[in-house]
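Undergrad: The structure follows.
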Amino acid sequence: MKYNQYLKDTIKISEIGLGAWQLGQNSGWKSMTENEAIQLVQKSLDLGINFFDTAPNYGHGTGEERLGKALKGVDREKIVINTKFGRTHTGTINWNSNYIRESFEGSLKRLQVEYIDSLIIHSPPSEYIDGNKNDHYQILDKLVEEGKLKAYGASLDTYDDMMLLLDTTGSKVIEVFFNIFHQATARGFERAQKEDVGIIVKIPLDSGWLTGKYNAESSFDDVRSRWSKEEIQTRAKLVEKVKAIFGTAENLSQKAIAFCLAYEAVSTVIPGNVSIEQLLSNVQSTEISISPGIKEELEMFYQSEIKKLHLPW
């Protein structure tokens, strides 16, 4: 496992992190027992993973609770925990700044920790990102001053929102939507790196498409049912072109993750995994090196063919 800079005052973090959404009870698409969740976290630690990304709404609070149980007894200074604000443990949404402290204290309790390394606003509407118009960031600064929090930021999908956050707040963490099919946020990577802002890459496999296991005839009955038949066919064609660029369909998911890690500004990537097998595959991505030529070809493919499509999430 390789480790990258995240925050100035934390240890370096594993370039593959564990996204802990699936740990919760009745999390949605997949659900784990508490024993399975704890085993997955413990296997992650065995593999050298020290970065854990969670949120209050994962399994209505049970995601944080199970992560806390699994990490109990682990040296707190050797792990880094990121959680979120805005989507609550009761399944509601609350962006009000006066709820930040209550949400944060709930996360501390469920995780069984005395401090949290980073707290990000969980995919907020753009109007909550501007620090000149919201007092959220003053409250977050106060939590930092109190020693309960090391840094804060937001989970964002666009370059414009990245720039607004960096221009108007003291954010030092951004969780960005970035993968071969969605490269727009890479425009903000250089600035983030210059300003010592940690970058967490979310959705690196484009909700499963970049695993190569779906095609034009695929259908979905979960959150991915949002895609129309036409959108499914479009993505299927793009997947075939990505395979052609790599020259093979073999290990596509690992190569897609390795593409994200090819950017020096990226601190960690949090691919989804609902089994030990998937976890092992994701970690093996670190053994793959994307050549500068292939990286450039994928960037050109995005600019010439994908960008104009405005692919929906």
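The values are calculated or read from the model by the stated rules, or taken from the named source; none is laboratory data. Not measured: the values here are computed from a predicted model. FYI the Cβ positions are ideal-geometry reconstructions off the backbone, even for glycines, and counts take in every protein chain you see.
Undergrad: Checking the structure you have, find out if any residue of region 32-41 is crowded, with 19+ Cβ neighbours inside 10 Å, in contact with an Asp or Glu (Cβ under 8 Å, 6 or more places away or on another chain) and over 24 Å from Lys172 (Cβ atoms).
TA: There is no residue in region 32-41 that is crowded, with 19+ Cβ neighbours inside 10 Å, in contact with an Asp or Glu (Cβ under 8 Å, 6 or more places away or on another chain) and over 24 Å from Lys172 (Cβ atoms).
Undergrad: Separate question: Between a first residue in region 218-235 that is more than 16 Å from Ile203 (Cα to Cα) and a second residue that is in a loop (DSSP other than H, G, I, E, B) and hydroxyl-bearing (Ser, Thr, Tyr), which pairs have beta carbons less than 7 Å apart while being 6 or more apart in sequence or on different chains?
TA: From region 218-235, the pairs are Ile232/Ser218.
Undergrad: Out of (1) surrounded by fewer than 21 Cβ atoms within 10 Å (Cβ to Cβ); (2) in contact with a Lys or Arg (Cβ under 8 Å, 6 or more places away or on another chain); (3) more than 25 Å from Asn35 (Cα to Cα); (4) of a type in the set (Asp, Glu), what's the single condition that is false for Asp117?
TA: (1)
Undergrad: Here is a follow-up. List the strands (runs of 3 or more DSSP E) that sit entirely inside region 89-201 and contain at least 1 residues that are at pLDDT 95 or above and touching a His at 6+ places or on another chain (Cβ under 8 Å).
TA: The qualifying strands (runs of 3 or more DSSP E) are 116-121, 149-156.
Undergrad: Let me ask something else. Against the conditions (1) in contact (Cβ under 8 Å) with a residue 12 or more places away in the chain; (2) surrounded by 13 or more Cβ atoms within 10 Å (Cβ to Cβ), where does Ser289 fall short? Just the number, please.
TA: All conditions pass for Ser289, except number (2).
Undergrad: Sticking with this structure for a sec: List every residue pair whose Cβ atoms lie under 8 Å apart, where the two residues are 6 or more positions apart in sequence or sit on different chains, the first residue falls within region 66-81 and is touching a residue at least 24 places away in the same chain (Cβ under 8 Å) and assigned to a helix (DSSP H, G or I), and the second residue, located anywhere, is surrounded by 11 or more Cβ atoms within 10 Å (Cβ to Cβ) and among the acidic types (Asp, Glu).
TA: As it stands, the answer is Arg66/Glu34; Lys69/Glu34, since those pairs meet every condition given.
Undergrad: Which one is modelled with the lowest pLDDT, of the residues in region 264-280 that are surrounded by fewer than 16 Cβ atoms within 10 Å (Cβ to Cβ) and not aliphatic (A, V, I, L, M)?
TA: Looking at residues that are surrounded by fewer than 16 Cβ atoms within 10 Å (Cβ to Cβ) and not aliphatic (A, V, I, L, M), I get Ser275.
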